[in-house]
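Report on one structure; see the data block that follows.
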Amino acid sequence: MNKENAIALAKRAEAAREASYSPYSDFAVGAALLTADGKIYTGANIESSSYTPTICAERVAFFTAVHAGERSFAAIAIVGGRRGEPLSAFCPPCGVCRQVMTEFAEGDFEIILYDGDDVKIHTLSELLPLGFGKDNLKT
């Protein structure tokens, strides 16, 4: 993906971040997931006072898309930072989200990180080398 398109997708993630429910960490995250056929599904992190049921923005976007019948994905843009403050740093996906991405995307799936000024584009294989996936269960 070129830089201009990556920033456009990241801006959708930034808009999704506004829906974050993060009263405990004050860390708001937004994600915009691009399907192979050009549809975009967004998500924001949703926290719980008992922490364990908290869900990340990336998984909200993936699970919403999968629930809608999507199975082929091209890229995801992720932004995050202190709630109510402008973006100032890159926000990479946590390990659980990387594992979920492995379930639904191939190694060349692009992960776009945006800090408000610049983008970094990584592949899933770069961020989760030797990831465990469905191929590991084949005998």
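Every read-out reported here was derived from the displayed coordinates using simple, explicitly stated rules and does not represent laboratory data. Everything numeric in this text was worked out from a predicted model, so none of it was measured. For neighbour counting, all protein chains shown are included, and Cβ atoms are generated from backbone atoms with ideal geometry for every residue, glycine included.
With helices as the sole contributors, the chain gives -8500 deg cm²/dmol at 222 nm; each DSSP H run of n ≥ 4 counts as -39500 (n - 2.57), and the sum is divided by every residue. Structural descriptor for the chain: relative contact order 21 percent, calculated from alpha carbon pairs under 8 angstrom and at least 6 residues apart.
Taking every pair of Cα atoms in the chain, average 1/r, invert it to obtain the Kirkwood radius, and report Rg/Rh to two decimals. Intermediate values should be presented prior to the final figure.
On the way: Rg = 14.3 Å, Rh = 14.9 Å.
Value, to two decimals: 0.96.
Measure out, as a whole number of angstrom, how far apart the alpha-carbon centroids of region 112-136 and region 1-52 sit. Centre-to-centre (Cα) distance: 15 Å. Spread over its residues, the convex hull of the C-alpha atoms of region 73-139 is 84 Å³ per residue. Couplings 3J(HN,Hα) for region 95-106, derived from phi with the Karplus relation 6.51 cos²θ - 1.76 cosθ + 1.60 (θ = phi - 60°), are x, 5, 5, 4, 5, 4, 4, 4, 5, 10, 9, 8 Hz, where x marks Gly and Pro. Of the trypsin sites (Lys or Arg not before Pro) in region 1-104, the ones in a loop by DSSP (not H, G, I, E or B) with at most 11 other beta carbons within 10 Å are Arg71.
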